[in-house]
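Working notes, beginning with the structure itself.
The values are calculated or read from the model by the stated rules, or taken from the named source; none is laboratory data. Predicted model, so just to flag it, every value in this text is computed and none were measured. A quick note on method: Cβ atoms are made from the backbone with ideal geometry, for glycine too, and the neighbour counts reach across all protein chains shown. Note: areas computed on protein heavy atoms with side chains; ligands, DNA, RNA excluded. Shrake-Rupley method; radii C 1.70, N 1.55, O 1.52, S 1.80 Å.
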2 protein chains.
Amino acid sequence: MGDLLLRGGRPWGMPRPADIWIRDDRIQNVGEQLTVPGADVLDIHGHVVLPGLVDAHCHLDKTLYGGPWVPHSADDTLAGRMANDLRRRSELGIPSTERITALLRRMSACGTTHVRTHTDIDPEVGLRGVEAVQEAAAQVPVEVQQVAFPQHGLLTRPGTAELLEEALKAGVRAVGGIDPAGIDGDPVRHLDVIFGMAERHGAHVDIHLHDPGTLGAWELGLIIERTRTLGLAGRVTVSHAYAFGQIGEAEQRRLADGLAEAGIAIATAAVYSFPVPPVKTLRQAGVTVACGHDGIRDLWGPYGGGDMLERAMHLAYRSTFRRDEDIELALSAATYGGAAALGLPDYGLAPGCRADLVAVAASCPAEAVVTRPPRSWVIRDGVVVHSS
Amino acid sequence: MGDLLLRGGRPWGMPRPADIWIRDDRIQNVGEQLTVPGADVLDIHGHVVLPGLVDAHCHLDKTLYGGPWVPHSADDTLAGRMANDLRRRSELGIPSTERITALLRRMSACGTTHVRTHTDIDPEVGLRGVEAVQEAAAQVPVEVQQVAFPQHGLLTRPGTAELLEEALKAGVRAVGGIDPAGIDGDPVRHLDVIFGMAERHGAHVDIHLHDPGTLGAWELGLIIERTRTLGLAGRVTVSHAYAFGQIGEAEQRRLADGLAEAGIAIATAAVYSFPVPPVKTLRQAGVTVACGHDGIRDLWGPYGGGDMLERAMHLAYRSTFRRDEDIELALSAATYGGAAALGLPDYGLAPGCRADLVAVAASCPAEAVVTRPPRSWVIRDGVVVHSS
């Protein structure tokens, strides 16, 4: 450790190139022409510096990354994909610490420093996914936050709630949910169970909501109500929230105001052709918007490469963002927005922040999203963990 | 020239690895364990071999590729983008032979061997775009087919039709159109002018159709009618055709049957969040589906990298294609479908075809689309034009 000086890059948000002085695991100072006697110096002229990328929504435990190609074998229905997952995961050795480690290494090399991953928990797999993710995370310089996730149903799959509770007792710090109406069939009870656990364990909540249109919008209302009542502002995220893209603009604004007031974040992965929540409307209302990959090379779909700049591109592209400041909204979701949703302290490029950074050869952040060059330097807790 | 033997790759469509014997600019034979005394041998074990990628819809003349980053400066309306284009193109030196050449070199390195590009023609720019594209194309091993394109209106911009005619006389072999209703305001006359030119010059037709829903669907009917009447089967393409994604399934099937019977191709770029034509429905009806980039790094939008495997990924992804055979439908649009739309003779991997090939490190074509590895070898007319 000691002093490290990044010379001549363009920290995101600064009007001109500036040096970044890192001491141990913290940013000590940011400014022009810094002098730090005895510091190691990295010349990063021509590079944009971003805070470490945050993948706020993925499924590490399911991944087949790094192994041989596995052709997708499910039919085109959600029920088909769920059944296929249950049928094939053990045959394919999922969850696999080796595969998860391979993916985390790739993510790290792409500049990701923090990940929130939804780990399947059900009576069949038990807590093996949680353990595999923990084992993998211990080997890679990425901070991994797990969500205890009832992928195959909470109320409909007896024994799952007890296992989620067990995971929370064992140190998992967030509890998940999934389509309280569309999959679990009883939105009020589903949400009461989850929010009850969050309250008992001081846990975060992160709910998968694919339920469409007015149904999904109504469920968002239930989530707002519970978050307010329990005072969980800043600790609740709704993931996907496709419904947002399927309702009128007035209703979008009304719901955005409700989320902002309750302190609920939206996480989106901009997947396939599913509706993308209206990033600009949400940000204007003051809602935290985070971005993630969703599944990467797994039984649910073959896509994904672990690069959050590519994911930010997908979000910007699907949002029809063309101007630099708009593209930066998507990048913000893959950085600051994710950090806020995950509750990361001391995140960013200001003095005092943890020294988690990535430098890419680009003239501005929007160009970095569009061109996605190799990450020249990735720094985690003040240490260069990747360079190319 | 002479004999070149590609040893041990997996030609797309073959059940097992096979050798490809190239003599001069043609594929001489494809089979297991070929013996060709005196041939140069390339060991391509572990590689999938695809026919040269075909970008069936782009706008080379507009590109800023290879130059400094230009922040997008138009507002969010189509009228705003059109006005911004007219205002800024000369300031930025567009069309630029240098920029077009840079982009074509990138496309070639990504395995593209054939391109159809829509070149702006209007009273202000005249035929300078056509000439710039010709000059650039002469420097790069990519076959470029131009469409004389009335980007800023045909009937609404007097003098444009005469310039299109001039371009066709000067050797441009396809005539374009754009939103006969939504932009040009008179669908019947717009189409009559274009189809009249096509008839007089034996030219192909390729019409941009962004007009939505029932309006666009009705215009597709007009195009089918004219294509049939003039016997232009195999020589007409409708690009984008967003309307297809906005009408009911029965109407989609009815229109697809009409297109198939008339011999009209659909070209899609799967851009932003615009509706993607239903690839599977179209292919099932027998319609040729092609794929292209649309604009790449230009005043209309900052995205695009020139890689048709990435474009095929976007098409597959937006079509929610997960299974290998579905992903291959998207890849087919970026290869065989494009070749059919462009009317390329002797295209493919069979003996007798032109030796335009690309080899990528992947176990199957679907993996190549998902992972998009560097192109290990690109072969054009029997010559290795790129290797990495």
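Leaving out ligands, DNA and RNA, what percent of the accessible area of chain A is carbon and sulfur, probe 1.4 Å? Provide the component values of the computation, followed by the final result.
Values: 6730 of 13560 Å².
That share works out to 50 percent.
If you run the Gaussian network model on chain A, springs between alpha carbon atoms under 10 Å, then out of A:THR229, A:THR117, A:THR371 the most flexible one is A:THR229. The residues of the protein assembly as shown expose on average 35 square angstrom of accessible surface per residue, using a 1.4 Å probe on protein heavy atoms. In region B:302-333, the residues that give up 40 Å² or more of accessible area when the other protein chains are added, compared with the chain on its own (1.4 Å probe), are B:TYR303, B:HIS314, B:TYR317, B:ARG318, B:THR320, B:ARG322, B:ARG323, B:ASP324.
Accessible area per residue was computed with a 1.4 Å probe on protein heavy atoms; B:TYR242 scores about 20 Å².
Between copies, the label points at B:LYS169 (set 7 angstrom from Cα along Cα-to-Cβ) are spaced 8.8 nm, reported in nanometres from shortest to longest. In chain A, taking the dipole from charged Cβ atoms about the Cα centre, the farthest positive-side position among A:GLY176, A:GLY263, A:ILE27 is held by A:ILE27. Here the 3J(HN,Hα) profile of region A:243-259, calculated from phi with Karplus coefficients 6.51, -1.76 and 1.60 at θ = phi - 60°, is 3, 4, x, 10, 10, x, 5, 5, 5, 4, 5, 4, 5, 4, 4, x, 5 Hz, Gly and Pro shown as x. Going by a ≥ b ≥ c, the root eigenvalues of the Cα gyration tensor, does region B:308-382 fall in the rounded group (a/c under 1.5), the prolate group (a/b larger than b/c) or the oblate group? Verdict is oblate for region B:308-382. The smallest convex shape that holds all Cα atoms of the protein assembly as shown, its convex hull, gives 159 Å³ per residue. Enter the Cα centre distance for the pair region B:28-103 and region B:255-314, rounded to the nearest angstrom. Here the answer is 16 Å between Cα centres. Label-point spacing at A:LEU78 relative to the other copies reads 3.4 nm, in ascending order, each point sitting 7 Å out from Cα along Cα→Cβ. Net charge near A:GLU131, counting Lys/Arg +1 and Asp/Glu -1 over other residues with Cβ under 13 Å of its Cβ? Around A:GLU131, the charge tally is -3. Modelled spin-label separation between A:LEU92 and B:ALA138, with each label point placed 7 Å from Cα along the Cα-to-Cβ direction: 5.3 nm.
Under 5 Å between amide hydrogens, built in the peptide plane, is the criterion, and for B:ALA267 it picks out B:VAL238, B:SER239, B:HIS240, B:ALA290 among residues at least 5 positions away or on other chains. Between the amide H of B:ARG116 and those of B:ASP55, B:ALA56, B:HIS57, B:CYS58, B:GLN145, distances stay under 5 Å, these residues lying 5 or more places away or on another chain, with hydrogens modeled in the peptide plane. From the Kirkwood radius over Cα pairs of chain A, Stokes-Einstein at 4 °C and 1.567 mPa s returns a whole-number translational diffusion coefficient of 61 µm²/s.
Between the residues B:LEU60, B:VAL115, B:PRO71, the greatest Cα displacement towards the positive end of the dipole of region B:21-164, with unit charges on the Cβ of Lys, Arg, Asp and Glu, is found for B:PRO71.
Calculate, for A:ARG189 and B:LEU155, the FRET efficiency according to 1/(1 + (r/R0)^6) with r their C-beta to C-beta distance and R0 60 Å; round to the nearest 0.05.
Numbers: r = 62 Å, r/R0 = 1.04.
After rounding, the FRET efficiency stands at 0.45.
Can you list, shortest first in nanometers, how far B:GLU261 lies from the same residue in the other copies, with each label 7 Å from Cα toward Cβ? Spacings between copies for this position, smallest first, are 5.8 nm. Taking the chain by itself as reference, region B:277-301 contains these residues with an accessible-area loss of 20 Å² or more in the full protein complex (1.4 Å probe, heavy atoms): B:ARG297.
For B:LYS62, no lysines have a Cα falling under 20 Å of its own Cα, not counting residues fewer than eight places away in the same chain. In order along region B:68-83, the Karplus-derived 3J(HN,Hα) couplings, from 6.51 cos²θ - 1.76 cosθ + 1.60 at θ = phi - 60°, round to x, 4, 10, x, 4, 10, 8, 7, 8, 9, 5, 4, x, 5, 5, 5 Hz, and Gly and Pro are given as x.
A Förster radius of 45 Å, combined with the Cβ-Cβ distance separating A:CYS364 from B:ALA170, puts the computed FRET efficiency at roughly 0.65.
Just to confirm a number: summing +1 for Lys and Arg and -1 for Asp and Glu over residues other than A:ASP184 whose beta-carbon lies under 14 angstrom from that of A:ASP184, what do you get?
So the environment of A:ASP184 carries a net charge of -4.
With the simple spin-label model, which puts each label point 7 Å out from Cα in the Cβ direction, the B:ASP257 to B:LEU230 separation comes to 2.6 nm. Buried accessible surface for the A/B chain pair comes to about 3400 Å², total over both chains, computed with a 1.4 Å probe. With a Förster radius of 22 Å applied to the beta-carbon distance between A:THR35 and A:MET14, the computed FRET efficiency rounds to 0.75.
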